[in-house]
Amino acid sequence: MRFRDLNTLAMDGLCASVHSQCLKCATLVAVHELSVCQALLTQVAAIAADRGARVVERITIEVGPLSGVEPALLASAFAALRAGGCAAQAALSIESTAVTIGCMTCGTHSQTKPNRLVCAACGGFRTRIVAGNELRLRRVELQVPRSPRESAH
């Protein structure tokens, strides 16, 4: 099923919220993760085309807990949307990152829980997120056809 079809299911009254329940297959469909995955696959297809690859073997992404993306729902969206493209047989690897904050009071960097953005050293609340809010394409493994010159050797 294509993204447009899944989006239409969500808009056709199954549920008006961001997350929809498909009644036919009892699968949780996350509209946000579908659009994120569609953008990811578009970017991967462009990378593959630029390098002359027709097949993508593995896609590795980095997802922070403050990114606004649920990794399990993104994996489900990937399974549904990859069909028919160069990533149809690709594996998706999702790497999690920890939340790291920088304290603007004492300058310390420390890891913390997503819901506790307080400096571990001084207890200050004037912090900024250094890591943990990213959604990053880390690596794309491609199957690139050999050039005729390489095949002759």
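Some notes on this structure:
- Cleavage-rule hits (trypsin sites (Lys or Arg not before Pro)) in segment 47-91: DSSP loop, at most 13 neighbouring Cβ within 10 angstrom: ARG51, ARG54
- Full-stretch length increase - GLU95, ARG116 - with 0.36 nm per residue and alpha-carbon distance subtracted: 5.4 nm
Read-outs throughout are calculated quantities, based only on the coordinates presented, and are distinct from any laboratory measurement. Everything quoted here is computed from the prediction, not taken from an experiment. Virtual Cβ from ideal backbone geometry, glycine too; neighbours counted across all protein chains shown.
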